[in-house]
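Just so it is clear, none of the values below were taken in a lab; they were calculated from the coordinates. Just so you know, these numbers come straight off a predicted model, no measurement behind them. Here the Cβ positions follow ideal geometry from the backbone for every residue, glycine too, while neighbour counts run over all protein chains shown.
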Amino acid sequence: MKESEKRFVSYWKATRQKNKWKFAFVHGVIGWGTITAVILFLLMWGLDHSFKTDLDSPTWNNIIKTGLSPYLGGIFYGLAIWGISERRFKRLTNK
């Protein structure tokens, strides 16, 4: 087993003891979701060229869309990473 695989097995042994949903929340919603939301917001804001404070403006609708979608997608991202890591762990440890 390579050194990188040994590190992964050690890391995943500790990580898998925690709850799958906590992992999905931390790595998916907070990690991936926040980064994606910020990037999408900046892109939408940059393309719009007019940041209005009117709550009926298209900018606020975009903020709501870009603020919710990445977080919802983050749950699926976190669960997908959990599944991929579990398969890799089982393959490496023959469990």
Step through the residues of segment 70-86 one at a time and calculate ³J(HN,Hα) from phi using the Karplus curve (6.51 cos²θ - 1.76 cosθ + 1.60, θ = phi - 60°), rounding each to whole Hz and writing x for Gly and Pro. x, 6, 5, x, x, 4, 5, 4, x, 5, 5, 5, 4, x, 5, 5, 4
Order 26-36, 6-16 from most to least packed using the mean count of other Cβ atoms within 10 Å. 26-36, 6-16
Members of 2/90; 2/22; 20/90; 22/65 lying beyond 21 Å, as alpha-carbon distances in this model show: 2/22; 22/65
